[in-house]
Structure formats: C-alpha cells, structure tokens
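Taking it in order: structure first as structure tokens, then the write-up.
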Amino acid sequence: MKQAEPPLRHALVAQTLGAVLAAGMILVFFPTLLAQPLAMAGVQGLCAALISHLQRGPLWWLPIHLGFMPLAVVMQGLRIPSWIWLAGFTLLLLIFWRTDRSRVPLYLTNALAGEALAGLLPVEPVAMVDLGCGDGGLLRRLARLRPDCRFVGYEHAPLPWAWAWLSCRSLPNVQIRFGDFWACPLGGYALVYAFLSPSPMRELWAKAKAEMKANALLVSNSFAVPDVQPLSTIQVADRRHTRLYCYRPGPSRS
C-alpha cells in the first residue's frame, strides 16, 4: 500500500524558511539580537514552527521546530566530544528508526489499556496482531492472560524489536517480526491492534477494509479513523484517559 509523503521534506523546508524569515526580522526589527545567538535561535524556532503549522505538518513536529536550533546553540557551547554526538544519534536512530517516514512515534500501551484490550478478545482461541508492538510489553501481558490465543507483533525500529523478541522468547504463543507492518496481511487475525498517530489512520482503514474478515475487530488506541463512526469506544480508567476506538471494517460492514 502506498503511504502518504513523509514529512521530512516539509520539516527541512520549515527550518530553512524559518532561518530566512528570522534573519530578515532580526536585521530589520531587532538588530540588537545579532549579539545574542540563543535569542536568534529562539526567533528561528518560532518562525520554523509557524511555517510548519502553515504547511499543516504533524503537530508533534512543532516542539521539534521550536527547540531544534536553540538546543543546537546550547549544546555547541558545551564543547561535547564529537563521538558522544555520534553515539547519541545512533542510539536514537536504533530506538525510533525512520519516524519521519512512518509518521509514528514510539508509543507504549499501558497495563490498564492492555487489560481493556484483553476483554475484547473472543472467548474462543484466536490470533491477534499488534501493528507496531514497540518493546512487546502489551503482547507479553496478553499472552499470559490468554495462553490459548496466538499473538503476533510487528516492529521496524531495531532496538525495540530486539527487546521485544528477546523478552517474548519464552512465550510460545507470541511471535515478534521485524519489518514494516504495511506488508502484513490482516486476513488471518480476529483482532488487529494499532497505537500509531493521526497521520496513517486513513491508510490503515483502507488496508483493513481490503484485508480483514467480516467479524474481525480493528482497535485503535487514542487515534480515531477520520470520518468513520466507531462501532464502540472504550474509555480506559488511566491517567491519560486513553480511548480505544473499535471498528469492524470487514465486508459485512460499511
């Protein structure tokens, strides 16, 4: 399935135009800021965030735009050895991988949401898939609650996948797969679970409608499918007031 254009190009445009706009504003209106690198970086961050908003970029990019240049200025002044930068970049890459392409940050399902999800599993043994399983914590809880069911998790970020794979090795009813869940056929699962972001929900809905069986359940944590009425919504009694949106996208329902 073809995904929407990733926001990385828009982020680069926002940062570049933000720098140009900030430079013009400072030269014309605030020339005294030329001697204050951190203040100039703050203006650039505000301009970049504004341009990103005008481009209708993802909301979670706004704090990145706001803080990117100011943090770069602050860290530059600390004179940190270059190898630490490389190590930090490598660690973040292994944890989050290509979030700019997937448009999905690393979200972890808490225990209360996991218990609510367990209540949605049919009484009979079924198969469930977690699209973006992170560290595998949800699948470990469900596998112990329902040893009669089969659980599959997909994760494309190397470090969370490795953690999930290692921690689930002792559970015979859990399988952790490395790779892009968009290539995962959904027809064999009675429950498809996703905790993604608003960006890919239309694509996920189209994929679910094309592949899921009539009585299979699609459950999305926190992010509803745009313009589609859920079959039901479950309010989880946790501190973040999690909502589970439940759909039946198979051919028997519109």
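Quick notes
- Scanning the stretch 149-202 for residues that are touching a Pro at 6+ places or on another chain (Cβ under 9 Å), among the small types (G, A, S) and either closer than 21 Å to K213 by Cβ or surrounded by 21 or more Cβ atoms within 10 Å (Cβ to Cβ) (or both) returns A190, A194.
- Just one of (1) out of contact with any helix residue (DSSP H, G or I) (no Cβ under 8 Å at 6 or more places or on another chain); (2) modelled with pLDDT under 95; (3) over 18 Å from Y247 (Cβ atoms) fails for Q175. It is (2).
- Screening the stretch 124-148 for residues that are of a type in the set (A, V, I, L, M) and buried (at least 19 other Cβ atoms within 10 Å of the Cβ) and picking the one that is farthest from the chain's Cα centre (by Cα) gives A143.
- The residues of the stretch 24-52 that are of a type outside the set (A, V, I, L, M) and buried (at least 21 other Cβ atoms within 10 Å of the Cβ), listed by number, are Q44, G45, C47, S52.
- Flag if G114 is modelled with pLDDT under 95 and crowded, with 16+ Cβ neighbours inside 10 Å: yes
- Pairs meeting the criteria (first residue in the stretch 159-171 and over 8 Å from D135 (Cα atoms), second residue modelled with pLDDT of 95 or more and among the small types (G, A, S), beta carbons under 7 Å, at least 6 apart or on different chains) are L171/A143.
- Considering the conditions (1) modelled with pLDDT of 75 or more; (2) crowded, with 18+ Cβ neighbours inside 10 Å, L62 is excluded by exactly one of them, (2).
- Hits in the stretch 64-79 - residues which are assigned to a helix (DSSP H, G or I) and free of Cβ contacts under 8 Å to residues at least 12 places away in the same chain: L71, M75, Q76, G77
- Selected residue (criterion: surrounded by the fewest Cβ atoms within 10 Å (Cβ to Cβ)) from residues of the stretch 214-254 that are closer than 13 Å to L117 by Cβ and touching a Pro at 6+ places or on another chain (Cβ under 6 Å): C246
The values are calculated or read from the model by the stated rules, or taken from the named source; none is laboratory data. Since the structure is predicted, the reported quantities are computational estimates derived from the model, not experimental observations. FYI the Cβ positions are ideal-geometry reconstructions off the backbone, even for glycines, and counts take in every protein chain you see.
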